[in-house]
1. Quick one: which strands (runs of 3 or more DSSP E) sit completely within the range 90-169 and have at least 1 residues that are closer than 19 Å to GLU243 by Cβ?
2. Please identify the pairs in which a residue from the range 210-223 that is on the phi > 0 side of the Ramachandran plot has its Cβ atom under 9 Å from the Cβ atom of a residue that is not hydrophobic (A, V, I, L, M, F, W, C), counting only partners at least 6 apart or on another chain.
3. For the range 257-272, how many residues are buried (at least 18 other Cβ atoms within 10 Å of the Cβ) and outside any helix (DSSP H, G or I)?
4. Please pick out the residue among LYS27, LYS79, LYS45 that is in a loop (DSSP other than H, G, I, E, B), over 13 Å from the mean Cα position of the chain (by Cα) and of a type in the set (Lys, Arg).
5. Consider PHE215 carefully, then state whether it is among the aromatic types (Phe, Trp, Tyr) and either surrounded by fewer than 19 Cβ atoms within 10 Å (Cβ to Cβ) or within 29 Å of LYS45 (Cα to Cα) (or both).
6. Within the range 220-229, track down each residue that is in contact with a Ser or Thr (Cβ under 9 Å, 6 or more places away or on another chain) and surrounded by fewer than 20 Cβ atoms within 10 Å (Cβ to Cβ).
7. For the condition farther than 20 Å from ALA146 by Cβ and buried (at least 19 other Cβ atoms within 10 Å of the Cβ), what is the one hit in LEU60, LEU52, LEU32, LEU82?
8. Taking the range 141-175 as the region of interest, how many residues are surrounded by 23 or more Cβ atoms within 10 Å (Cβ to Cβ), more than 14 Å from the ligand (Cβ to nearest atom) and of a type in the set (Asp, Glu)?
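The values are calculated or read from the model by the stated rules, or taken from the named source; none is laboratory data. As the structure is a computational prediction, the values presented were derived from the model and not from experiment. Cβ placement follows ideal geometry from the backbone for every residue including glycine, while neighbour counts extend to all protein chains displayed.
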Amino acid sequence: MAKPHGKPAKTDPLAELWPGQSVPLLKALHILTHNGGLNADSRRKLKQVLHLANLIRPALDWAFREKEQPVLADLGAGKSYLGFILYDLFFAKEGRGTVYGVESRHELIETSKKIAAESHFGRMQFLESAIRDARLPEGKADVVTALHACDTATDEAILFALENEARFVALAPCCQAEVARELDHVKGPMQQLWRHPIQRREFGAQLTNVLRGLFLEAHGYKVRVTEFTGLEHSLKNEFIFAERHQRSNPQARVEFDKLVQQMGVAPALLKF
Ligand SMILES: C[S@@+](CC[C@H](N)C(=O)[O-])C[C@H]1O[C@@H](n2cnc3c(N)ncnc32)[C@H](O)[C@@H]1O
(Lines give C-alpha, C1' and ligand atoms only; values in the text may rest on other atoms or scores of the structure.)
Protein backbone atom coordinates (compact mmCIF):
# COMPACT_ATOMS: atom_id res chain seq x y z
CA MET A 1 0.00 0.00 0.00
CA ALA A 2 1.32 3.49 -0.85
CA LYS A 3 2.51 5.51 2.14
CA PRO A 4 0.41 8.56 3.03
CA HIS A 5 1.97 11.95 2.22
CA GLY A 6 3.75 13.76 5.02
CA LYS A 7 7.23 13.81 6.45
CA PRO A 8 9.56 11.30 4.74
CA ALA A 9 10.45 8.40 7.06
CA LYS A 10 13.88 8.95 8.64
CA THR A 11 16.32 6.13 8.02
CA ASP A 12 17.96 4.91 11.21
CA PRO A 13 21.74 5.47 10.89
CA LEU A 14 22.26 2.91 13.69
CA ALA A 15 20.93 0.32 11.27
CA GLU A 16 23.88 1.20 9.03
CA LEU A 17 26.50 0.23 11.64
CA TRP A 18 28.82 -2.51 10.47
CA PRO A 19 28.41 -5.92 12.13
CA GLY A 20 30.30 -5.95 15.44
CA GLN A 21 31.00 -2.19 15.36
CA SER A 22 31.77 -0.91 18.86
CA VAL A 23 28.96 1.16 20.36
CA PRO A 24 31.10 2.13 23.44
CA LEU A 25 33.69 3.57 21.03
CA LEU A 26 31.04 5.64 19.24
CA LYS A 27 29.94 6.97 22.63
CA ALA A 28 33.54 7.80 23.65
CA LEU A 29 33.92 9.71 20.37
CA HIS A 30 30.61 11.51 21.12
CA ILE A 31 29.24 10.19 17.85
CA LEU A 32 26.54 8.53 19.94
CA THR A 33 25.12 10.22 23.05
CA HIS A 34 25.74 8.41 26.37
CA ASN A 35 22.25 6.87 25.97
CA GLY A 36 23.29 5.45 22.61
CA GLY A 37 21.23 8.00 20.66
CA LEU A 38 22.10 10.49 17.93
CA ASN A 39 21.79 14.26 17.63
CA ALA A 40 21.93 16.22 14.37
CA ASP A 41 25.67 16.74 14.50
CA SER A 42 26.55 13.19 15.47
CA ARG A 43 24.18 11.80 12.83
CA ARG A 44 26.09 13.76 10.19
CA LYS A 45 29.47 12.63 11.57
CA LEU A 46 28.42 8.98 11.75
CA LYS A 47 27.13 8.98 8.17
CA GLN A 48 30.32 10.68 7.04
CA VAL A 49 32.75 8.26 8.71
CA LEU A 50 30.81 5.18 7.63
CA HIS A 51 30.69 6.48 4.08
CA LEU A 52 34.41 7.17 4.23
CA ALA A 53 35.13 3.70 5.61
CA ASN A 54 33.36 2.30 2.55
CA LEU A 55 35.36 4.52 0.19
CA ILE A 56 38.65 3.46 1.83
CA ARG A 57 37.71 -0.21 2.12
CA PRO A 58 39.44 -1.33 -1.14
CA ALA A 59 42.75 0.04 0.19
CA LEU A 60 42.40 -1.81 3.50
CA ASP A 61 41.22 -5.01 1.83
CA TRP A 62 44.38 -4.85 -0.28
CA ALA A 63 46.60 -4.07 2.74
CA PHE A 64 45.25 -6.97 4.83
CA ARG A 65 45.53 -9.34 1.87
CA GLU A 66 49.10 -8.38 0.95
CA LYS A 67 50.75 -7.35 4.24
CA GLU A 68 51.33 -9.21 7.46
CA GLN A 69 51.26 -6.00 9.52
CA PRO A 70 49.54 -3.27 7.50
CA VAL A 71 50.18 0.35 8.45
CA LEU A 72 47.69 3.16 8.05
CA ALA A 73 48.61 6.79 8.82
CA ASP A 74 45.82 9.32 9.31
CA LEU A 75 47.30 12.82 8.97
CA GLY A 76 45.84 15.98 10.46
CA ALA A 77 43.82 13.51 12.50
CA GLY A 78 41.94 16.01 14.70
CA LYS A 79 39.88 13.93 17.13
CA SER A 80 40.89 10.85 15.15
CA TYR A 81 37.33 9.78 14.31
CA LEU A 82 38.53 8.19 11.11
CA GLY A 83 41.47 6.33 12.67
CA PHE A 84 39.31 4.99 15.50
CA ILE A 85 36.56 3.83 13.19
CA LEU A 86 38.98 2.16 10.78
CA TYR A 87 40.83 0.50 13.66
CA ASP A 88 37.56 -0.81 15.04
CA LEU A 89 36.24 -2.04 11.68
CA PHE A 90 39.44 -3.52 10.23
CA PHE A 91 42.50 -3.62 12.51
CA ALA A 92 40.77 -4.82 15.70
CA LYS A 93 38.80 -7.42 13.78
CA GLU A 94 41.92 -8.75 12.02
CA GLY A 95 44.07 -8.58 15.19
CA ARG A 96 47.07 -7.15 13.33
CA GLY A 97 48.42 -3.96 11.79
CA THR A 98 48.89 -0.44 13.21
CA VAL A 99 47.02 2.84 12.86
CA TYR A 100 48.94 6.09 13.41
CA GLY A 101 47.20 9.40 14.02
CA VAL A 102 49.36 12.45 13.31
CA GLU A 103 48.12 15.72 14.76
CA SER A 104 49.84 18.93 15.83
CA ARG A 105 47.47 19.87 18.67
CA HIS A 106 48.56 18.49 22.04
CA GLU A 107 45.11 18.33 23.68
CA LEU A 108 43.65 16.31 20.79
CA ILE A 109 46.52 13.83 20.99
CA GLU A 110 46.02 13.43 24.75
CA THR A 111 42.26 12.78 24.39
CA SER A 112 42.86 10.29 21.58
CA LYS A 113 45.47 8.40 23.62
CA LYS A 114 42.99 8.14 26.49
CA ILE A 115 40.18 6.82 24.26
CA ALA A 116 42.58 4.32 22.62
CA ALA A 117 43.67 3.02 26.05
CA GLU A 118 40.06 2.73 27.28
CA SER A 119 39.11 0.92 24.08
CA HIS A 120 42.11 -1.46 24.39
CA PHE A 121 43.28 -0.38 20.93
CA GLY A 122 46.89 -1.32 21.64
CA ARG A 123 48.08 -0.96 18.04
CA MET A 124 46.81 2.59 17.66
CA GLN A 125 49.55 5.19 18.12
CA PHE A 126 49.48 8.98 18.13
CA LEU A 127 52.24 11.32 17.03
CA GLU A 128 52.11 14.92 18.17
CA SER A 129 53.77 16.46 15.18
CA ALA A 130 53.39 18.54 12.06
CA ILE A 131 52.77 16.18 9.14
CA ARG A 132 55.99 17.29 7.43
CA ASP A 133 58.07 16.28 10.50
CA ALA A 134 56.28 13.02 11.29
CA ARG A 135 58.38 9.82 11.12
CA LEU A 136 56.89 6.37 11.55
CA PRO A 137 58.98 3.67 13.28
CA GLU A 138 58.35 1.39 10.26
CA GLY A 139 59.48 4.12 7.83
CA LYS A 140 56.57 3.00 5.63
CA ALA A 141 52.80 3.33 5.42
CA ASP A 142 50.57 1.22 3.22
CA VAL A 143 47.59 3.57 3.35
CA VAL A 144 47.68 7.32 4.01
CA THR A 145 44.53 9.30 4.75
CA ALA A 146 44.07 13.04 5.30
CA LEU A 147 40.54 14.18 5.86
CA HIS A 148 40.01 17.93 5.77
CA ALA A 149 43.63 18.67 6.63
CA CYS A 150 43.75 22.45 6.35
CA ASP A 151 45.23 24.35 3.41
CA THR A 152 48.77 23.11 2.64
CA ALA A 153 48.56 20.24 5.17
CA THR A 154 47.04 18.14 2.34
CA ASP A 155 50.21 18.79 0.31
CA GLU A 156 52.30 17.73 3.31
CA ALA A 157 50.20 14.55 3.37
CA ILE A 158 50.97 13.88 -0.31
CA LEU A 159 54.72 14.25 0.33
CA PHE A 160 54.40 12.02 3.42
CA ALA A 161 52.71 9.37 1.27
CA LEU A 162 55.59 9.46 -1.21
CA GLU A 163 58.29 9.35 1.47
CA ASN A 164 56.57 6.42 3.14
CA GLU A 165 55.90 4.63 -0.15
CA ALA A 166 52.16 4.44 0.42
CA ARG A 167 50.29 2.20 -1.97
CA PHE A 168 47.02 4.08 -1.36
CA VAL A 169 46.31 7.74 -0.60
CA ALA A 170 42.84 9.01 0.36
CA LEU A 171 42.40 12.77 0.59
CA ALA A 172 39.42 15.01 1.27
CA PRO A 173 41.02 18.45 0.89
CA CYS A 174 39.89 21.33 3.09
CA CYS A 175 40.07 25.11 2.86
CA GLN A 176 42.77 26.12 0.38
CA ALA A 177 44.10 29.66 0.52
CA GLU A 178 47.61 29.40 -0.87
CA VAL A 179 46.98 29.27 -4.63
CA ALA A 180 44.06 31.72 -4.43
CA ARG A 181 46.41 34.20 -2.72
CA GLU A 182 48.95 33.82 -5.52
CA LEU A 183 46.30 34.12 -8.25
CA ASP A 184 45.64 37.62 -6.97
CA HIS A 185 48.95 38.66 -8.54
CA VAL A 186 48.57 36.75 -11.81
CA LYS A 187 47.56 38.91 -14.76
CA GLY A 188 46.69 37.73 -18.25
CA PRO A 189 43.86 36.71 -20.57
CA MET A 190 42.24 34.36 -18.03
CA GLN A 191 42.29 36.85 -15.17
CA GLN A 192 38.50 37.29 -15.36
CA LEU A 193 38.18 33.75 -14.00
CA TRP A 194 39.41 34.86 -10.58
CA ARG A 195 38.56 38.55 -10.46
CA HIS A 196 36.10 38.35 -7.55
CA PRO A 197 37.36 37.02 -4.18
CA ILE A 198 34.76 34.21 -3.96
CA GLN A 199 35.59 33.07 -7.49
CA ARG A 200 39.30 33.36 -6.77
CA ARG A 201 38.88 31.11 -3.74
CA GLU A 202 36.90 28.52 -5.68
CA PHE A 203 39.09 28.64 -8.76
CA GLY A 204 42.18 28.43 -6.53
CA ALA A 205 40.78 25.35 -4.78
CA GLN A 206 39.92 23.74 -8.13
CA LEU A 207 43.37 24.43 -9.55
CA THR A 208 45.05 23.17 -6.36
CA ASN A 209 43.19 19.87 -6.47
CA VAL A 210 43.81 19.41 -10.20
CA LEU A 211 47.54 19.92 -9.61
CA ARG A 212 47.48 17.53 -6.64
CA GLY A 213 45.91 14.83 -8.82
CA LEU A 214 48.48 15.40 -11.59
CA PHE A 215 51.33 15.40 -9.07
CA LEU A 216 50.20 12.02 -7.73
CA GLU A 217 49.84 10.70 -11.30
CA ALA A 218 53.34 11.93 -12.13
CA HIS A 219 54.56 9.79 -9.21
CA GLY A 220 52.91 6.69 -10.60
CA TYR A 221 49.51 6.78 -8.93
CA LYS A 222 46.23 6.03 -10.64
CA VAL A 223 43.94 8.82 -9.42
CA ARG A 224 40.18 8.85 -9.04
CA VAL A 225 38.41 12.05 -8.01
CA THR A 226 34.83 11.72 -6.81
CA GLU A 227 32.27 13.33 -4.56
CA PHE A 228 33.17 12.80 -0.92
CA THR A 229 29.67 12.95 0.48
CA GLY A 230 26.46 14.87 -0.15
CA LEU A 231 26.84 18.64 -0.03
CA GLU A 232 24.46 18.74 2.90
CA HIS A 233 27.22 17.10 4.93
CA SER A 234 30.23 19.10 3.84
CA LEU A 235 31.10 22.00 1.62
CA LYS A 236 34.56 20.51 1.10
CA ASN A 237 33.27 17.77 -1.06
CA GLU A 238 36.07 16.41 -3.20
CA PHE A 239 37.56 12.99 -2.54
CA ILE A 240 40.89 12.05 -4.13
CA PHE A 241 41.68 8.34 -4.04
CA ALA A 242 44.99 7.25 -5.49
CA GLU A 243 46.68 3.88 -5.92
CA ARG A 244 50.30 3.57 -6.94
CA HIS A 245 50.76 1.20 -9.85
CA GLN A 246 54.06 2.36 -11.37
CA ARG A 247 57.14 4.29 -10.26
CA SER A 248 56.42 7.40 -12.34
CA ASN A 249 54.43 8.75 -15.23
CA PRO A 250 56.45 11.22 -17.34
CA GLN A 251 53.41 12.26 -19.39
CA ALA A 252 51.55 13.38 -16.26
CA ARG A 253 54.63 15.32 -15.18
CA VAL A 254 54.64 17.12 -18.54
CA GLU A 255 50.94 17.99 -18.05
CA PHE A 256 51.65 19.22 -14.51
CA ASP A 257 54.52 21.45 -15.69
CA LYS A 258 52.45 22.75 -18.62
CA LEU A 259 49.56 23.72 -16.38
CA VAL A 260 51.84 25.41 -13.84
CA GLN A 261 53.47 27.36 -16.63
CA GLN A 262 50.12 28.41 -18.13
CA MET A 263 48.64 29.45 -14.80
CA GLY A 264 51.76 30.90 -13.22
CA VAL A 265 50.97 29.35 -9.80
CA ALA A 266 51.24 26.02 -7.98
CA PRO A 267 51.13 24.72 -4.42
CA ALA A 268 54.65 25.52 -3.16
CA LEU A 269 55.25 22.06 -1.68
CA LEU A 270 54.39 20.28 -4.93
CA LYS A 271 56.65 22.21 -7.28
CA PHE A 272 59.01 19.79 -9.01
C1 LIG B 1 39.59 20.38 10.04
S2 LIG B 1 40.45 19.34 11.16
C3 LIG B 1 40.05 17.75 10.54
C4 LIG B 1 40.26 16.68 11.54
C5 LIG B 1 39.91 15.25 11.10
N6 LIG B 1 40.78 14.79 10.04
C7 LIG B 1 38.45 15.16 10.74
O8 LIG B 1 38.13 15.21 9.55
O9 LIG B 1 37.63 15.06 11.64
C10 LIG B 1 42.15 19.53 10.67
C11 LIG B 1 43.14 19.05 11.71
O12 LIG B 1 44.44 19.02 11.15
C13 LIG B 1 45.38 19.54 12.07
N14 LIG B 1 46.48 20.06 11.25
C15 LIG B 1 46.42 21.09 10.38
N16 LIG B 1 47.60 21.27 9.77
C17 LIG B 1 48.43 20.30 10.27
C18 LIG B 1 49.78 19.95 10.01
N19 LIG B 1 50.49 20.61 9.11
N20 LIG B 1 50.31 18.94 10.71
C21 LIG B 1 49.57 18.23 11.62
N22 LIG B 1 48.28 18.51 11.90
C23 LIG B 1 47.71 19.54 11.23
C24 LIG B 1 44.61 20.58 12.86
O25 LIG B 1 45.17 20.80 14.14
C26 LIG B 1 43.23 19.94 12.95
O27 LIG B 1 43.07 19.16 14.10
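1. Numbers: elements: 98-103, 124-128, 143-147.
Answer list for the range 90-169: 143-147.
2. Partner pairs satisfying both residue conditions: GLY220/ARG244; GLY220/HIS245; GLY220/GLN246; GLY220/ARG247; GLY220/SER248; GLY220/ASN249.
3. 3
4. The match here is LYS79.
5. Details: among the aromatic types (Phe, Trp, Tyr): yes; either surrounded by fewer than 19 Cβ atoms within 10 Å (Cβ to Cβ) or within 29 Å of LYS45 (Cα to Cα) (or both): no.
Considered against the rule, which asks whether it is among the aromatic types (Phe, Trp, Tyr) and either surrounded by fewer than 19 Cβ atoms within 10 Å (Cβ to Cβ) or within 29 Å of LYS45 (Cα to Cα) (or both), PHE215 comes out as no.
6. Let us first name the residues in the range 220-229 that are in contact with a Ser or Thr (Cβ under 9 Å, 6 or more places away or on another chain), namely 220, 228.
Residue satisfying the conditions is GLY220 alone.
7. Result: LEU32 is the single residue among LEU60, LEU52, LEU32, LEU82 that is farther than 20 Å from ALA146 by Cβ and buried (at least 19 other Cβ atoms within 10 Å of the Cβ).
8. 1
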